[in-house]
Amino acid sequence: MKPIFLAFISIAFAIQITNAVSDSVQTLGRPFIQRALQEAMQMVDAAYKYSRDADISKIEKRELSPFQLLSFSKRPSAETRTAVRAADYMEATLDIIHRKMSRIHKRSLNVTDLLSAEDLNVIARVTGCAAQTALPSCNTIPLVDKYRTISSVCNNKKSSRLGASNTPFTRWLPAQYDDGISIPRSWNLATKYSGFSLPLVRDVSNIILHTPNENLPQDNLYSFMLVLFGQWTDHDLTNTPTSPSIRSFNDGIDCSTSCQQAEPCFPVQIPPNDPRFEDTKSCIPFFRSAAACGTGYTGYIFGSSNVRFQINQLTSFIDASMIYGSTDSLANQLRDLTNDFGLMAVNQNYKDDGYDLLPFVNATKNFCATRSVVTKDPTAQEIQCFNAGDSRANENIALTAIHTMFLREHNRIAKIFRKLNPQWNGETIYQETRKVVGAFHQIMIYRDYLPIIIGPDAVNKYLSDYTGYDDSVDPSISSVFSTAAFRFAHLTIQPFIFRLDRSYQEHTLYPNVLLHKTFFTPWRIVFEGGIDPIIRGLISMPAKLNRQDRLMHDELRERLFQLTSQVALDLASLNLQRGRDHGLQGYNAWRGFCGLSQPKNEKELGEVLNNQTMAKTLIRLYGTPNNIDVWIGGIVEPFVPNGRVGPLFACLIGNQFQRIRDGDRFWWENTGIFTDSQKSALRNMSLHRIICDNTGVQEVPPSVFRYFPYNDNYTSCSDIPKFDFSAWKETTLGTHFLYRSNAFPINMSIEVITIDQRTVTYRVVSMPGDGTYLFHSLCYILHGHIRLTLGIRRNIVSYVLNDWDRFKVWTDDGTGNNYTTQEHYKSEMLKPFTYGSACELMAATELFGCRFQVYRNGQMFYTFRQPPMPLKHLRLTGDDFSSGHFDVYECLNSQKLDVKLSMKPVVYLQCLTDAECLFNTSPTNTVVIETNHETQTDYDNSNASCEI
């Protein structure tokens, strides 16, 4: 028997069942609203569960489809899942209300006419959307002026969510949706735009982009490393989540098997006589990007524009988030918290010729169990996916290699800082190292990468001398940058990942491998020579040249994420469909935005493209230059002088990076971020040195972004100057002592939550450590610090084992099942990073003699125990107890007390049904457990004024 934690339990606390009737307009009434919320949340949760079960089934059968691999590579963090689920809850609720009332009234109506302002507030609060749009306070964040937060909250202290993770992409031009709100262009293929229908995106891909793998044009100026560094940079800035559901909420259509269009399904339709799809299904699965809370059809709840916006689950700043993560929970998960050295966690099972590898994902199911499928060897040893700051780290082995190299660079610098400043504790080492690595990336991107891409004219226009931080600049990533402009590099990817030996010849044991055979194959790093052969291939082989007649090769257009014979994805079609999904205006609108000419006909378009044949083909497909999808229009433009994109993308990319720099309070050149001597040292950093310091590569070309065949002035690593860290040595006591009170960092912020329809302000004490959140929270509640967490864990596990028959039905082994034996439970739960669940919270209430209220999305989610026990508050971020993130809610006026929580006797409420426990009804039976323990608390926060 498992406890059923239904999401709608919070409704019982947030909604009083009363009818609301205004003076002039009758509203729907709270019982109706409550039922709609319950139905919507059950419907969304059921769709999520269906999708999760489908994934698990495919993994177990090793039948992962390409679209599932794509979905996995963009898997949202716990915080992002919460944001997406909140938006899905809200949209489903409003849709249910609209459908039911339309049946009653038999006419078109506006839901807002039937919902009072209070109703709208309740819906926003219960679904969780209110919490997603609230502005965090910056006043209580420690060292908010010294270090950027992981989520980039409070980078801009006037608008604390600007540029932060899990906020909407911005728009530089109004969105173009068929209904003005959410329906993308070409949803209805018969719709005309400027008198013409839009072509199927697969038609555009087949006719304009089709390029065989053979005889590709090579870029004789730039290396393949330039391409991968561009992807690396993109993964620091943009990641757009889709809904976790593969099934439409209203009618249950499975988007992975059906070609029907129903939110969130927007399949890529296949044209007649498509050479690859003659005998297969007539579409490629495509899922719409998740809408941000308060946008699209839910926008009027917040009284703002109701045009659909999409979520960027990353920060908008160049902060090396692909190494460190963009949320606190992921950042803490990636750290080595077993010591106080400021290190990142590394793999405990494998090494790469003595060098560290990325740690494995802590998961029971394995999306990267691809070795037996790719090698056709059913006995092949499988390994888990690697874990990193960005979920796409396993997308291909070249990207994995760069992730691995920078993980090593962090730990290398951290060890130097520990020797240089032995007085620093682990938190200071981590923050200072992260700050330096972030500066390294800012310098490499602006000094070395962008001038090659956008050319000197655009650099002079957008990225001339830095004049300082401007808090009026919005650094948020624009949808056109993420969805079109910065996807230019897809046309420069080689169809192979090159693997070279020490002599820069193709490796005899581990030869070059086709790109589609490197997708989600971390085992190639572990078992096939590590990252050195891949790094050599990146720095010594040329990029593919983007040419108008040789655009995208078949590895990306016909075999994307293909591991088996299943139908692969088409990257070109996905890019075009995504642009329509995001409501991007057409080619000419964006040329107008950049102050460029706007061709009106085929002749003028041919002059812009310097190619009348290409212009004729585009006009045949689109009818008018106005209709051309901005991505395809941008990639076929001739390069700007000394650049690798055309004028439109040079403008859009330059514009975006100007905003990122000028709107970043922690930009490395901004006053007070680094000392003058540190800035001087930073200017001498190079990617050459990072490669030499963190791999077995011993010779490098004069520039790792320019193409130099081997032996063309290659330099020994011993001749490249080492980076000088002496400017970071402290000669006086610094701020590091601010962290000395705890072995691990604890961050605090302020949050308003709702109890019985009354708002209460709490301090949120954020807990670190993947799997240890619950035990850290309990330790902090009892002692005011988290140094005794392991002891708390051991005591709780012992308590459960001593009454196993009662507790075992509440245990959770991480897969949704109970632990079957005491031995299994003990061996797993005594590991320092195994998640706790409802079972351990139940045990804690008895062991420590207090009751807990758990809140999710600002609403009460679950209560353990009844009065008169002292009340403690916990915040849950995530879907359930066994995988969510726990933090502590602490009363603002709490004070340190010397209190003993008596634990004899303790009354345990033994519920005979799930419902009794779920709704805290009087138990059918109680069991009195005698204990002989007392626990001394250093800090008690159960001040009565915080209880309502």
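Nothing in this text is a laboratory measurement; each read-out follows from the coordinates by a stated rule. The model shown is predicted, which means the values in this text are computed figures rather than measured ones. Cβ placement follows ideal geometry from the backbone for every residue including glycine, while neighbour counts extend to all protein chains displayed.
What fraction of the Cα pairs in segment 132-205, stated in percent, has a spacing above 16 angstrom?
It works out to 65 percent of all Cα pairs.
Quickly rank 416-426, 641-651 as a protection proxy: mean count of other C-beta atoms within 10 Å, highest first. Walk me through the numbers on the way to the answer.
On the way: 416-426: 17.1, 641-651: 22.4.
By packing density, highest mean first, the sequence is 641-651, 416-426.
Can you sort Leu463, Leu314, Leu576 so the residue with the fewest Cβ neighbours within 10 Å comes first?
Going from sparsest to densest Cβ surroundings: Leu463, Leu576, Leu314.
Starting with the fewest neighbours, write out Trp523, Trp172, Trp804 ranked by other beta-carbon atoms found within 10 Å of each beta-carbon.
The fewest-first ordering by Cβ neighbours comes to Trp804, Trp172, Trp523.
Packing-wise, with mean Cβ within 10 Å as the measure, how do 535-544, 364-373, 211-220, 472-481 rank, highest first?
The peptides rank, most packed first, as 535-544, 472-481, 364-373, 211-220.
What pairs from Lys58/Lys365; Lys157/Lys729; Lys419/Lys729; Lys100/Lys192; Lys58/Lys376 go past 20 Å between their alpha carbons?
Beyond 20 Å between Cα atoms: Lys157/Lys729; Lys100/Lys192.
Please provide three numbers in whole Å: the alpha-carbon extents of segment 486-574 along the principal axes, with the largest listed first.
Computed over the Cα atoms, the extents are 38, 30, 21 Å.
Which order results if Leu560, Leu120, Leu221 are arranged by neighbouring Cβ count within 10 Å, fewest first?
Sorted ascending by nearby Cβ count, the order is Leu221, Leu120, Leu560.
When you count, for each residue, the other Cβ atoms within 10 Å and take the mean per peptide, how do 854-866, 665-677 rank with the highest first?
Result, highest mean first: 854-866, 665-677.
For segment 143-249, what log10 I(q)/I(0) values come out of the Debye formula at q = 0.17, 0.18, 0.20, 0.24 1/Å, with one point per alpha carbon and no solvent?
Values, matching the q order: -1.16, -1.17, -1.19, -1.29.
Restricting attention to segment 428-480, which chymotrypsin sites (Phe, Trp or Tyr not before Pro) occupy a DSSP loop and are surrounded by at most 16 other Cβ atoms within 10 Å?
Tyr466
Please list, in chain and number order, the residues 5+ apart from Leu500 or on another chain whose amide H is under 5 Å from its amide H, with Hs placed from the backbone.
His507, Ile534, Arg536, Gly537
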